[in-house]
Each structure stands twice: as C-alpha cells, then as structure tokens.
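Scroll down for the structure; my scribbles are underneath it.
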Amino acid sequence: MSETPATDAGTTQPAGEGVDDAELAEQVAEQTDSNLEVEDAFERESGGAATDTEIAKADADDLQ
C-alpha cells in the first residue's frame, strides 16, 4: 500500500480513480471482517458483559 497521498491537499477524485480492478480486488481481499476480529469477545461475553457479571456478584459495600 502506498503512503503517498492519493491527491494533493484540497483536491478530490472519484473513489477508485486511477486504480485498476485487480488492485482494488487485492486491497479488499487483504481486509479482515471486523466481526471476525472481535468474535472471541462476543463468545466470551455471550452470557453477559464481564463488567455486568462482576457487578451482579458484588454487594453494596464493594461498589463504593
């Protein structure tokens, strides 16, 4: 991936202009679905968020 800005400051171009289909397909293929990145957190907290569970276990004195 290039670190060079796609356009000069203050100018815009339509999305994908100057990029061929093969390059666009490669960039998309390299991306990770954000749901997959946090899937373990969803599984871990499927019975309730960890903080909610800990608060439910605590008595009033622990929460002050």
Based on alpha-carbon positions alone, could you give the equivalent ellipsoid semi-axes of the chain from the gyration tensor, as √(5λ), descending, whole Å? 47, 18, 8
How much length is gained on full extension from Arg44 to Asp61, taking 0.36 nm per residue of separation minus their Cα-Cα distance? 3.4 nm
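Here, each number is a calculation from the coordinates, and none is a lab measurement. These figures come from a predicted structure and were not determined experimentally.
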